[in-house]
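Everything on this sheet refers to the single structure shown next.
Please treat every number below as a calculation from the coordinates, not as lab data. Quick caveat, the model's predicted, so the values are computed rather than measured. Cβ sites come from the backbone with ideal geometry, for glycine too, and all protein chains shown count toward neighbours.
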């Protein structure tokens, strides 16, 4: 089951790492074209969230560790997610208000 978690985070399902990474890449491109600092901030927040999700996936799928260790490590890594996701949400909300 833990090995599936990596796929759900990085390739399908909620796509925590995948979709945050795509968001970051797109926002960085837009920021480069426009010079908009709010978009740059959103891109950085998305990139940090993507990396945190990827860390959870890697912790859960580390083949050199027993399942208990992987569960513990993945849970420990996941502790950073709420704050990072909240920061990303805030940055996106700020950006959406600027655009409107």
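Output the direction-averaged projected area (hull surface divided by four) of the convex hull of the alpha-carbon atoms of the stretch 2-99, in nm². Don't skip to the answer; put the middle values down first.
On the way: hull surface 24.8 nm².
With every direction weighted equally, the projected area is 6.2 nm².
Quick check: residue separation of residue 93 and residue 63 times 0.36 nm, minus the Cα distance between them. What number comes out in nm?
Numbers: separation 30, 0.36 × 30 = 10.80 nm, distance 3.87 nm.
Contour length minus the Cα-Cα distance gives 6.9 nm.
To test your reading of the geometry: what angle, between 0 and 90 degrees and rounded to tens, separates the Cα axis of helix 37-60 from the longest principal axis of the chain?
10 degrees
Normalising by the residue count of the chain, find the relative contact order in percent from Cα pairs under 8 Å and 6+ residues apart. Could the numbers behind the result be given before it?
Details: 121 pairs, mean separation 29.3, N = 100.
With pairs under 8 Å counted, the relative contact order is 29 percent.
Quick one: helix 67-78 against the long Cα principal axis of the chain, what's the angle to the nearest 10°, folded into 0 to 90?
Once rounded, one gets 20 degrees.
Ordered by packing density, taken as the mean number of other Cβ atoms within 10 Å over each peptide's residues, highest first, how do 44-54, 22-32 rank?
Details: 44-54: 21.2, 22-32: 16.4.
Order by mean packing, descending: 44-54, 22-32.
Among 55, 34, which comes first, then next, by fewest other beta-carbon atoms within 10 Å?
With the sparsest Cβ surroundings first, the list reads 34, 55.
Report, in deg cm²/dmol and to the nearest 500, the calculated mean residue ellipticity at 222 nm for the chain, where each DSSP H run with n ≥ 4 adds -39500 (n - 2.57) and the sum is divided by the residue count.
Values: 5 runs with 83 residues, N = 100.
Value at 222 nm, helices only: -27500 deg cm²/dmol.
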